[in-house]
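The values are calculated or read from the model by the stated rules, or taken from the named source; none is laboratory data. This is a predicted model, so every value here is computed, not measured. Neighbour counts run over all protein chains shown; Cβ positions are idealised from the backbone, glycine included.
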Amino acid sequence: MGGDNAPDATLHGALEALKAWQGLFLHLVGDKALLEALMSRPGFGWTPELMERVNVVHAGSVVTFEDAPKVILKEKKDSSIRVAAQLVRDGQADGMVSMGHTGAAMMASTLVIGKLEGVERPGLASLMPNLTGSPTVFMEVGANIDSRPEHIACFGLMASVYAEKVLGIANPRVGILSVGEEDSKGTDVTIEAATLLRRMGLNFIGNAEGRDIWNGRFDVIACDGFVGNIVLKSAEGMAKLIKDGLRTALTSSLRAKIGALLVKPALQDFFKQLDYREYGGLPLLGIKGVSVIGHGSSDAHAVKNAIGAALRSTEHGINKRIQANLAKLTPKA
């Protein structure tokens, strides 16, 4: 029920996901009467076969973007995001996907589903496009704005497991975001976090500078959520600037329009790499289930890909692998 385009975009995205992945079963959480009425519209495509893989679960309220995240604890215990989290906590679902209130989704994930043993601060990972074509796992991008060194080191560990097991990157190269390549550069927090990462048995190759997010030198870059969120939002703004600027330039004259026709296929491939909808949403790593948090303006395509991201995390047993690595590596730190 959350998001700028809900519930219509959510339902369309869910429909496309069911068509794409035959083994998928979805609980659609929200106003049951409204959802069922929308799904029964002529021509929507909810066939009897697809309906067999869907369960509509009623939730009496919705967390709006104006609400504080903590409303799920008292005022809106029956909200769709909390009901979805309870399904995961109770083992009725493997994971949840939300396009709504980010803070409420994180609170429901950490407090209702619960944190993995050994994880003090779960974190959001973002897949950033780079020159190699394989994304950089950038973590953490907003769940924690006052991280301590041990938290940042844990972000690097969890992101490394995600890169290896979900994205298929062998022995991922891990770095920590800093202001220079030298080990002596950075704040006391980043220098201590780098020391911890070196002791964790990861393929830690040192400090990463801002440009390294985009050049593919690292597969994983760890940072605190304050810096990470600024980088993420700046990247979104820059991507829009590039797309809008090119569109304006390529339609400014007849010559430009002719040239645009020649480069259109290449530009479409490039723009696809910059499109957040292709990644679907951000996985929240460090909780007992799977939680993928999407952009508030997500359309059906983004919803489908967010569901796909949750499905891949579930299929690869990401939490068991994070837990195993924490148990094995944390004592060394």
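Looking only at segment 282-311, count every residue that is closer than 20 Å to Q92 by Cβ and over 12 Å from the mean Cα position of the chain (by Cα) and tell me the total.
So the answer is 4.
If we keep just the residues of segment 35-83 that are of a type in the set (V, I, T) and within 30 Å of Q22 (Cβ to Cβ), which is surrounded by the fewest Cβ atoms within 10 Å (Cβ to Cβ)?
Step by step, filter segment 35-83, then rank; the result is T47.
Could you tell me whether segment 291-310 includes any residue that is under 14 Å from L127 (Cα atoms), in contact (Cβ under 8 Å) with a residue 24 or more places away in the chain and polar (S, T, N, Q)?
yes
Which of the residues belonging to segment 187-238 are in a helix (DSSP H, G or I), under 18 Å from N144 (Cα atoms) and either touching a Lys or Arg at 6+ places or on another chain (Cβ under 8 Å) or β-branched (V, I, T) (or both)?
Matches in segment 187-238: V189, T190, V227, I230, V231.
If you scan segment 281-303, which residues turn out to be surrounded by fewer than 24 Cβ atoms within 10 Å (Cβ to Cβ) and either assigned to a helix (DSSP H, G or I) or modelled with pLDDT under 90 (or both)?
H295, G296, S297, A300, H301, listed by residue number.
Which members of segment 140-152 meet the condition of being at pLDDT 90 or above and either surrounded by fewer than 16 Cβ atoms within 10 Å (Cβ to Cβ) or not in a loop (DSSP other than H, G, I, E, B) (or both)?
Within segment 140-152, R148, P149, E150, H151, I152 meet the criteria.
Which one of these is touching a residue at least 40 places away in the same chain (Cβ under 8 Å), under 24 Å from S298 (Cα atoms) and in contact with a Pro (Cβ under 7 Å, 6 or more places away or on another chain): P122, P129?
P129
Quick check on segment 165-172. Is at least one of its residues without any contact (Cβ under 8 Å) to a residue 12 or more places away in the chain, on the phi > 0 side of the Ramachandran plot and surrounded by fewer than 23 Cβ atoms within 10 Å (Cβ to Cβ)?
There is at least one residue in segment 165-172 that is without any contact (Cβ under 8 Å) to a residue 12 or more places away in the chain, on the phi > 0 side of the Ramachandran plot and surrounded by fewer than 23 Cβ atoms within 10 Å (Cβ to Cβ).
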